Amino acid sequence: MAQAGLFGDAAASPVSNDEKKIATLREQIRQYDYQYYVLDAPTVPDSEYDKLYRELQALENANPQLITTDSPTQRVGGSPLKAFASITHRQAMLSLNNAFEEDELLAFDKRIREGLGREDIEYAVEPKFDGLAITLTYENGLLTQGATRGDGYTGEDVTSNLRTIRAIPTRLHTTTPPKLLEVRGEVLILKRDFEKLNREQEARGDKLFANPRNAAAGSLRQLDPNITRTRPLTFFAYGLGAAEGIPMLATHSAAMDYLAGLRLPVCRERATVKGLQGILDYYQNIGNKRTVLPFDIDGVVYKVNSLSQQNELGFVSRAPRWAIAHKFPAQEALTVVEAIEVQVGRTGAITPVARLKPVFVGGVTVTNATLHNEDEVRRKDVHAGDTVSVRRAGDVIPEVVSVVLEKRPADARAFVMPTTCPICGSHIIKQEDEAIARCSGGLFCPAQRKQAILHFASRRAMDIEGLGEKLVDQLVDAELVHTLADIYRLDMGTLANLDRMAEKSAQNILDALEHSKKTTLARFIYALGIRNVGEATAKDLARHFGSLQAVQQADIEALLQVPDVGPIVADSIFQFLGEPHNREVIAALMQAGIHWQENAGKANTIGVLTGKTLVLTGTLPSLSRDQAKELIEAAGGKVSGSVSKKTDFVVAGAEAGSKLDKAQELGLVILDEAALLAMLPAAT
DNA sequence: GATCCTCGAGTTCT
DNA sequence: CTCGAGGATC
């Protein structure tokens, strides 16, 4: 057989008969794997396959020196890992820009035509799998590594798990393997396999998976490949990464044909189409087939087919300009509103919430959905008892889309805004010109007190780790904490007596409290929770006044001098600080030992970014959002939440959303993390 | 007075 | 992320 040379150089061995037999068996099994897992068209019964497999195993056991890593018997091996190693991708695994509406697609096609200066664009189109993006590395035809996408720059080494997936060849089907080939694709579980898997889970009394995607993700992230092996994972390739020694390829579709020739599974629904009409027809076509496809998809991907045209178009920040993912509309599900209750926020805001009969939508089970305010409830006309359509808007937050009026039961109850606070009984007051009703109880209201404490302890404020909702509930309900200052009076005796709190966790809380005492003036002002004073305003105040005393002594006139402080904000601050109770609490907090460097804000505001406004979007590869913000502020720059003409730079990371789109529309300078870091003075 | 820009506040689930 | 509303600007 022509391919015998691939198995290495053991020609003169005395076991050459076995060796030949082994080579034949491996080839046969690979062939059957290919037919079964890639073509989905088995040609032999399982029993025949098993027979060959056992035969190969026996021969290999008798001749262990002939075992090679690409043998079908070697798909499982190794012991469980402690953790996955981190892998830096040779070539970044980019994400695609998304389009939800037809006009976004029109804009995409227009950009392409204008960018290339021609009208006849050919697109390679394919379904967008709802699975996990991975990359496979083949060196000289052998699978040597597999990794998850991670943040696009570094991922996790899941090689031994990927080896268990029979659809993934451990050796490429070719006599002239490329020196290096990175294959990009998606690991997923077919719908029919998912149902079977869940039936098995149920029979064993194990937890059911919410959907094929979660099941695939969970299976791939198993530290023990022996578990992964039992999960029905499959794979589809959709692109190339780094490559050396591959044939010349002119188009994306030719690249896919090349991969198919190497016996990598590629999607059968892929096609090439001409122009905008072509992609719209394809979208329609796949949308119609969606439910009968064997796998879950969440949209369709369009890529400019010509690789030279792709090059010409290039990239914007992290996403290629020559491709776009056209997502299907968010899936909606029907459920019943069991009740409409209200929540009390930190400022006393009364928010109606729909308690829903649990419903599975967009990958999670939803039980609550905010209705924002009374007007919103009116507008949507939601009654308790109604059947409503629910979706997860903007990726995460559940939203009641509409009411199915025909299904309204006779005993459905309209929402009535309570007149008194359900927590403290104080009057609820709604200002004529405001959309939001508020509990007038102030800090007398336990709900508001709890929220005030949580805000005080939150990461961007005093950053007291461990002081979360559960603990605050207990502390307030047991009347152990009345004011913010009381939390610094907590001691071991009190804490260790609480539920779910032994000495160890109590000590952690005490340490966190101690740690939080060293802070900054801006954080402290923000932590107080003054109405209309958020992080940005707190920073402005700290910078302008320099000391707490100066802020406390300021009159309205003085407060108005602060940038971005107008009459309403000035009044909030003045009222808050004039309140004797608040003065006492602040004094007690200082007494407890809270301190900071006075005037810290005034220095070092001159840097390379002085006067510049930046906006962060998406996930950066190595910096957290807060870290990036700190770096920018240290260089004198300002980080803002929204993109406008006044924005100087937009720093975009993975999964960048609408802010990136807007930045592109406005033609702003877009940086990635590396470019940002390059602008900053070398870190010390 | 209108418009644009930014900030504050609230929110779900894993 | 999104809405609403406060502040700045013209």
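The values are calculated or read from the model by the stated rules, or taken from the named source; none is laboratory data. Here the structure is a predicted model, which means the values were calculated and not measured. All Cβ positions, glycine included, derive from the backbone under ideal geometry; neighbour counts span all protein chains shown.
Can you confirm whether segment A:90-100 contains a residue that is in contact (Cβ under 8 Å) with a residue 12 or more places away in the chain, basic (Lys, Arg) and within 30 Å of A:Leu181 (Cα to Cα)?
yes
For segment A:539-593, enumerate the residues that are on the phi > 0 side of the Ramachandran plot and either among the basic types (Lys, Arg) or within 16 Å of DNA strand B (Cβ to nearest atom) (or both).
Result: A:Asp564, single match.
Pairs under 6 Å by beta carbon, first residue surrounded by 15 or more Cβ atoms within 10 Å (Cβ to Cβ) in segment A:276-287, partner part of a helix (DSSP H, G or I) and not hydroxyl-bearing (Ser, Thr, Tyr), six or more apart or different chains?
Matching pairs, first to second residue: A:Leu276/A:Asp109.
Can you confirm whether A:Gly529 is within 11 Å of DNA strand B (Cβ to nearest atom) and either touching an Asp or Glu at 6+ places or on another chain (Cβ under 9 Å) or free of Cβ contacts under 8 Å to residues at least 12 places away in the same chain (or both)? So that I can check it myself, show each step before the final result.
Working: within 11 Å of DNA strand B (Cβ to nearest atom): yes; either touching an Asp or Glu at 6+ places or on another chain (Cβ under 9 Å) or free of Cβ contacts under 8 Å to residues at least 12 places away in the same chain (or both): no.
No, not satisfied.
Please go through segment A:494-503 and pick out each residue that is exposed (fewer than 13 other Cβ atoms within 10 Å of the Cβ) and either assigned to a loop (DSSP other than H, G, I, E, B) or modelled with pLDDT of 85 or more (or both).
Of everything in segment A:494-503, those that are exposed (fewer than 13 other Cβ atoms within 10 Å of the Cβ) and either assigned to a loop (DSSP other than H, G, I, E, B) or modelled with pLDDT of 85 or more (or both) turn out to be A:Asn497, A:Asp499, A:Arg500, A:Ala502.
Whether any residue in segment A:485-493 is surrounded by 19 or more Cβ atoms within 10 Å (Cβ to Cβ), modelled with pLDDT under 90 and either aromatic (Phe, Trp, Tyr) or in a helix (DSSP H, G or I) (or both) is what I want to check.
Checking segment A:485-493: not a single residue is surrounded by 19 or more Cβ atoms within 10 Å (Cβ to Cβ), modelled with pLDDT under 90 and either aromatic (Phe, Trp, Tyr) or in a helix (DSSP H, G or I) (or both).
Being surrounded by fewer than 18 Cβ atoms within 10 Å (Cβ to Cβ) and among the acidic types (Asp, Glu) is the filter here; which residues of segment A:359-393 pass it?
A:Asp375, A:Glu376, A:Asp381
Of everything in segment A:449-472, what is assigned to a helix (DSSP H, G or I) and surrounded by 14 or more Cβ atoms within 10 Å (Cβ to Cβ)? Give them in sequence order.
Answer for segment A:449-472, where residues must be assigned to a helix (DSSP H, G or I) and surrounded by 14 or more Cβ atoms within 10 Å (Cβ to Cβ): A:Arg449, A:Lys450, A:Gln451, A:Ala452, A:Ile453, A:Leu454, A:His455, A:Phe456, A:Ala457, A:Leu471, A:Val472.
Take A:Asn508 and tell me if it is assigned to a helix (DSSP H, G or I) and in contact (Cβ under 8 Å) with a residue 24 or more places away in the chain.
Against the criterion (assigned to a helix (DSSP H, G or I) and in contact (Cβ under 8 Å) with a residue 24 or more places away in the chain), A:Asn508 qualifies.
Consider A:Leu548 against the criteria (1) under 23 Å from A:Ala592 (Cα atoms); (2) in contact (Cβ under 8 Å) with a residue 60 or more places away in the chain: it satisfies all of them except one. Which criterion is unmet?
Of (1) under 23 Å from A:Ala592 (Cα atoms); (2) in contact (Cβ under 8 Å) with a residue 60 or more places away in the chain, only one is false for A:Leu548: (2).
Taking the residues in segment A:201-247 that are among the hydroxyl-bearing types (Ser, Thr, Tyr) and under 25 Å from the mean Cα position of the chain (by Cα) as candidates, determine which candidate is nearest to DNA strand B (Cβ to nearest atom). Lay out the reasoning, then the answer.
Initial filter on segment A:201-247 (among the hydroxyl-bearing types (Ser, Thr, Tyr)): A:219, A:228, A:230, A:234, A:238.
Narrowing further to those that are under 25 Å from the mean Cα position of the chain (by Cα): A:219, A:228, A:234, A:238.
Working: A:Ser219: 15, A:Thr228: 19, A:Thr234: 23, A:Tyr238: 27 Å.
Step by step, filter segment A:201-247, then rank; the result is A:Ser219.
In this structure, is A:Ala271 surrounded by fewer than 18 Cβ atoms within 10 Å (Cβ to Cβ), more than 25 Å from the chain's Cα centre (by Cα) and not polar (S, T, N, Q)?
yes
Are there any pairs, at least 6 apart or on different chains, whose C-beta atoms fall under 7 Å, with the first in segment A:398-418 and farther than 15 Å from A:Val361 by Cβ and modelled with pLDDT under 90 and the second of a type in the set (Lys, Arg) and within 16 Å of DNA strand C (Cβ to nearest atom), and if so, which?
Between residues of segment A:398-418 that are farther than 15 Å from A:Val361 by Cβ and modelled with pLDDT under 90 and residues that are of a type in the set (Lys, Arg) and within 16 Å of DNA strand C (Cβ to nearest atom), the close pairs are A:Val403/A:Lys380.
Which residue is farthest from A:Ala215 (Cα to Cα), if the candidates are limited to segment A:82-114 and must be surrounded by fewer than 13 Cβ atoms within 10 Å (Cβ to Cβ) and of a type in the set (Ser, Thr, Tyr)?
Step by step, filter segment A:82-114, then rank; the result is A:Thr88.
Tell me, yes or no, whether segment A:312-326 has at least one residue that is more than 26 Å from the chain's Cα centre (by Cα) and either crowded, with 20+ Cβ neighbours inside 10 Å or part of a helix (DSSP H, G or I) (or both). Don't jump to the end; show me each part of the working.
Taking segment A:312-326 first, the residues more than 26 Å from the chain's Cα centre (by Cα) are A:312-313.
With either crowded, with 20+ Cβ neighbours inside 10 Å or part of a helix (DSSP H, G or I) (or both) added as a condition, the list becomes A:312-313.
Yes.
For residues in segment A:430-448 being surrounded by 14 or more Cβ atoms within 10 Å (Cβ to Cβ) and over 22 Å from A:Asp477 (Cα atoms), which is nearest to DNA strand B (Cβ to nearest atom)?
Step by step, filter segment A:430-448, then rank; the result is A:Ile436.
If you go through segment A:88-103, how many residues are assigned to a helix (DSSP H, G or I) and either farther than 16 Å from A:Asp661 by Cα or in contact with a helix residue (DSSP H, G or I) (Cβ under 8 Å, 6 or more places away or on another chain) (or both)?
Within segment A:88-103, residues that are assigned to a helix (DSSP H, G or I) and either farther than 16 Å from A:Asp661 by Cα or in contact with a helix residue (DSSP H, G or I) (Cβ under 8 Å, 6 or more places away or on another chain) (or both) number 1.
Given segment A:366-448, what strands (runs of 3 or more DSSP E) lie entirely inside it while holding 3 or more residues that are away from DNA strand C (no atom under 16 Å from the Cβ) and on the phi > 0 side of the Ramachandran plot?
none
Name the single residue that is nearest to A:Thr159 (Cα to Cα) among those in segment A:196-222 being of a type in the set (A, V, I, L, M) and out of contact with any strand residue (DSSP E or B) (no Cβ under 8 Å at 6 or more places or on another chain).
A:Leu208
Residues A:Ala506, A:Ala478: which one is farther than 22 Å from A:Trp596 by Cβ and buried (at least 20 other Cβ atoms within 10 Å of the Cβ)? It would help to see each step written out before you state the result.
Working: A:Ala478 fails: buried (at least 20 other Cβ atoms within 10 Å of the Cβ).
Criteria check complete, one pass: A:Ala506.
Go through segment A:230-278 and report how many residues are hydrophobic (A, V, I, L, M, F, W, C) and more than 26 Å from A:Arg166 (Cβ to Cβ).
7
Here are some conditions: (1) closer than 29 Å to A:Asn98 by Cα; (2) surrounded by 16 or more Cβ atoms within 10 Å (Cβ to Cβ); (3) without any contact (Cβ under 8 Å) to a residue 40 or more places away in the chain. A:Gly117 meets all but one. Which one does it not meet?
(2)
Tell me which of these A:Ile556 doesn't satisfy, since it passes every other one: (1) touching a Phe, Trp or Tyr at 6+ places or on another chain (Cβ under 6 Å); (2) within 30 Å of A:Ala678 (Cβ to Cβ); (3) surrounded by fewer than 17 Cβ atoms within 10 Å (Cβ to Cβ).
(2)
Let me confirm something: among A:Ala349, A:Ala354, which residue is surrounded by 16 or more Cβ atoms within 10 Å (Cβ to Cβ), of a type outside the set (D, E, K, R) and more than 15 Å from DNA strand C (Cβ to nearest atom)?
Among A:Ala349, A:Ala354, only A:Ala354 is surrounded by 16 or more Cβ atoms within 10 Å (Cβ to Cβ), of a type outside the set (D, E, K, R) and more than 15 Å from DNA strand C (Cβ to nearest atom).
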